[in-house]
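**Student:** Let me give you the structure first, and then I'll get to my questions.
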Amino acid sequence: VLASPEQHRLHHSTDLAEAGHYGSDLSCWDHLLGTFTWRPGREPAAVGLRDPAAFPGTGEILAALLHPWRRRPAPGPRPE
């Protein structure tokens, strides 16, 4: 029911597929809304922002709030 420190760490993963856990202290919200991800023994490869330069600065509050809804370029081919 309560979120663990490992769930909080996964919330900050740079891999967006595992970076759910929006329930803050109560993980029941993530279970109900489908944002709970957990693989025992799996730690995120990296935490933080994948591209820090692409995120608005600390003084740009409105830009930071709108950041998740920005237009993004179409993804190119992934390197093998």
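The values are calculated or read from the model by the stated rules, or taken from the named source; none is laboratory data. Quick caveat: nothing in here was measured; it's all calculated off a predicted structure. All Cβ positions, glycine included, derive from the backbone under ideal geometry; neighbour counts span all protein chains shown.
**Student:** For segment 6-21, check the following and say yes or no: at least one residue is of a type in the set (D, E, K, R), surrounded by 14 or more Cβ atoms within 10 Å (Cβ to Cβ) and either assigned to a helix (DSSP H, G or I) or modelled with pLDDT under 75 (or both).
**Tutor:** yes
**Student:** Let me ask another. Please enumerate the residues belonging to segment 38-66 that are assigned to a loop (DSSP other than H, G, I, E, B) and either modelled with pLDDT of 75 or more or more than 20 Å from A3 (Cβ to Cβ) (or both).
**Tutor:** Residues satisfying the conditions are A45, A46, L49, R50, D51, F55, P56, G57, T58, G59, E60.
**Student:** Separate question: Taking A74 as the residue in question, decide whether it is at pLDDT 70 or above, surrounded by fewer than 14 Cβ atoms within 10 Å (Cβ to Cβ) and aliphatic (A, V, I, L, M).
**Tutor:** No; evaluated as a whole, the condition is false for this residue.
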